[in-house]
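Remarks on the structure that follows.
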Amino acid sequence: MKLQLKKLFVIGACVLQVGAFAGEAEMEAANELLDAMHFDQQMEQVAGCSIKMIKQQRSEMTEEEEGELKEFYQNQLFDKSYRNDVAALYANNFTCDEIRDIIGFYSTETGQKILQKLPELMRQTMVMMQQRLSRCPGTCE
């Protein structure tokens with residue numbers, strides 16, 4: 001399990017090496033957007049949901065393995081470089097004006113509701129995806 005998770009993060013890290021293309025103003029705006037999105041809190045919720053799902057799939061998971069998984073998430077998702085990589089994704093895909101529009105949206109009541117509901121929506125989406133994929137044994141290996 002550890003090796004599979006590490007492979008996923010290595011692949012993700014390769015994909016996220018895009019920060020060099022973003023300008024300083026775009027990166028500043030993107031970091032403001034991540035603040036408006038409560039990015040750090042969102043990552044904690046995502047990690048918690050992911051660990052919970054993994055535990056449900058692997059009922060034999062020991063407390064030691066769960067601790068290692070939490071530590072792995074902590075080291076991979078909660079360091080500044082990951083946040084910078086995510087900011088770079090926004091900075092490379094949106095102009096400063098567009099990012100400021102998005103920040104404006106997230107400042108609204110509806111935007112805040114989306115931010116509040118998004119982790120649970122993502123969790124439910126992951127559950128649906130896993131259920132669909134589990135219906136195709138042998139073809140998804």
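A compact table of results
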| read-out | value |
| --- | --- |
| Whole-Å semi-axes of the ellipsoid equivalent to the stretch 22-128 (Cα gyration tensor, √5λ, descending) | 30, 17, 10 |
| Virtual spin-label span in nm between Gln56 and Asp40, 7 Å along Cα→Cβ | 2.9 nm |
| Two-site FRET efficiency, Asn93 against Leu133, from Cβ-Cβ distance with R₀ of 41 Å, rounded to 0.05 | 0.90 |
| Phi-based couplings in Hz for the stretch 108-122 (Karplus 6.51, -1.76, 1.60; Gly and Pro marked x) | 7, 4, 5, x, 5, 5, 4, 4, 5, 8, 4, x, 5, 4, 5 |
| Nitroxide proxy distance, nm - points 7 Å out along Cα→Cβ at Lys117 and Gln74 | 3.4 nm |
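Taken together, the values in this text are just the output of simple stated rules run on the coordinates, not laboratory data. Quick caveat: nothing in here was measured; it's all calculated off a predicted structure. Every residue, glycine among them, receives a Cβ derived from its backbone with ideal geometry; neighbour counts consider all protein chains shown.
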